[in-house]
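The values are calculated or read from the model by the stated rules, or taken from the named source; none is laboratory data. Quantities reported herein were computed from a predicted structural model and do not represent experimental measurements. Heads up, the Cβs are rebuilt from the backbone with ideal geometry, glycines too, and the neighbour counts pull from every protein chain shown. These accessible areas exclude ligands, DNA and RNA; they are computed on the full protein's heavy atoms, side chains included. Shrake-Rupley method; radii C 1.70, N 1.55, O 1.52, S 1.80 Å.
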Amino acid sequence: MTERVYLHVGAPKSGTTYLQSVLDANRDALAAAGVLLVGERHLDRIHAAMAVREDERLAELPESARTAWTRLVREIRDWKGPSAVLSYELFAVASAEQAARALGDLAAYDVHVVVTARDLGRSVVSAWQERLKFGLTTPLEDWQPKPESVEGSEWGWRTLDPAGVAERWGSTLPPDHVHVVTAPRPDSGPSELWRRFADACDLEDVHVDPTVPRANESVGLVQAELLRRVNGQLRQEFSGSRQRSVWIRDLLAQEVLAPLGSERIGVPASRAAEATEVWKRGTERIGAAGYVVHGDLGDLEPASSDDRLPSQVTEAELTDAATACISALVLAIRDRATGSVPATAHPATAPAPAGRRARVRNLAARAAGPYNNARVRQLTRRVEQLEREVQQARRLHLRVATLQDVVRELLLEPELQDDGVTWEALRRYRRESL
């Protein structure tokens, strides 16, 4: 029977993809140790977080998406082992009231909330990159994360500042049940983040292999500036975040541009100064609250950087990147049309590995999702209408059959009529048909 639940609520771009990859890759080992990894599919966790946050976009998704949180809670209830871990970064968006309701659904268990965070200066750049994938056209130097107070903001200080996330999710919990895990500096080794996270989730004694392939979903400096400029042409072509996530984020940014370059983007001085102030206030808030820190809050201080800014990208670099991008798009279209993979290809234009090709093949299906969902609703309404018509036809058939019984009795010779049967037939007809 489940006793403890570790709810990892974010923040985004704090190593969550890596941690979730380790958890997924070691699902069987965790289960053998009595630990449930909640949610068979990552999509279930996404929808569960949307349900907790009362996201309006759920209205356009199937009923299974709207009930995802309820299913995950039931999954935790039915687990026979002592603990469960649920991880998805955009739980961080929830308000204190929404978090309290979600924790109320888990009131039968000893719940611990886990918040991961990284260098806040780098977090700002990562947030800008994510916004680019949804059509943003504002240059990094002019862009500013929305304040923590803006409800529903996924890529502002509401999710990036671990102090605010911890306070909203920890408002009904004892301080020692709120864990802040800091992402280590790059020179600390690839598995140090997992070690800190495992310590927070009481997984340090579980034999887990933390060496999983790291997915590179970040767009390099030149490619990011190219994407920003392309967005100016594409933004009006795609309505809604779903379409943009399929075509701009998944296809153009992650499948095509991300493999073409990896130069790190610098942090503008104004953004670094803002991030430093948020870090100072956050450190004080976390310390005053008494939350458990795994790592060092100093890891979150914006580090100095001499990396180039997008405004320093030259037109020649953009031309080269655009050429490589067009080439990669043509090859991607060819490979999808023919199902073939060339024997040799330049790294910059090579098709994605098998796993990523499968994701690309799903793009069209996902893009058609809103239409398909609308079509399903239309067909459901039609089926309901037909069922009503069938019920009406059945009632009419019964009335006709009852009337036939009455007429048959009345047409009999008087000496053959049974008054009891005749009057019962008349009463049944009046009762059921009039």
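The table below gives the values:
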{"item": "Furthest towards positive pole of dipole, 124, 90, 64, structure part segment 50-197, Cβ charges", "result": "64"}
{"item": "Residue-normalised accessible area of the chain, given per residue in Å² at a 1.4 Å probe", "result": "51 Å²"}
{"item": "Calculated on alpha-carbon atoms, Rg and Dmax of the chain in Å", "result": "29.5, 113"}
{"item": "Restricting segment 58-147 to trypsin sites (Lys or Arg not before Pro) in coil, as DSSP defines it, with at most 14 other Cβ within 10 Å", "result": "80"}
{"item": "Three-way shape label, segment 130-261, alpha-carbon gyration tensor, a/c 1.5", "result": "oblate"}
{"item": "Degrees between helix 68-78 axis and first principal axis of the chain (Cα, 0 to 90, nearest 10)", "result": "90 degrees"}
{"item": "Net length gained if the chain between residue 138 and residue 411 were fully extended (0.36 nm per residue, minus Cα distance)", "result": "89.5 nm"}
{"item": "Computed lengthening from residue 296 to residue 393, 0.36 nm per intervening residue step minus Cα-Cα distance", "result": "27.6 nm"}
{"item": "Cβ crowding within 10 Å averaged over residues, with 13-22, 282-291 ranked highest first", "result": "13-22, 282-291"}
{"item": "Qualifying GluC sites (Glu not before Pro) for segment 53-144 [loop in DSSP, other Cβ within 10 Å: at most 14]", "result": "54"}
{"item": "Linear extension gain, residue 64 paired with residue 202, 0.36 nm per residue minus alpha-carbon span", "result": "46.5 nm"}
{"item": "Total charge dipole magnitude, the chain, about the Cα centre, Cβ charges on Lys, Arg, Asp, Glu only, Debye to nearest 20", "result": "1280 debye"}
{"item": "Helical mean residue ellipticity (222 nm; -39500 (n - 2.57) per DSSP H run of 4+; nearest 500) of the chain", "result": "-16000 deg cm²/dmol"}
{"item": "Cβ-based charge dipole, the chain, positive-most Cα from 143, 165, 2", "result": "143"}
{"item": "Helix 42-52 vs. the chain, principal-axis angle (Cα, 0 to 90°, nearest 10)", "result": "80 degrees"}
{"item": "Highest average packing first - 163-174, 394-405, Cβ atoms within 10 Å", "result": "163-174, 394-405"}
{"item": "Whole-percent carbon and sulfur share, accessible surface of the chain, 1.4 Å", "result": "53 percent"}
{"item": "Relative contact order of the chain, defined on C-alpha pairs under 8 angstrom at six or more residues apart (%)", "result": "18 percent"}
{"item": "For segment 190-255, with +1 on Lys and Arg beta carbons and -1 on Asp and Glu, the positive-most of 253, 234, 207 along the dipole", "result": "234"}
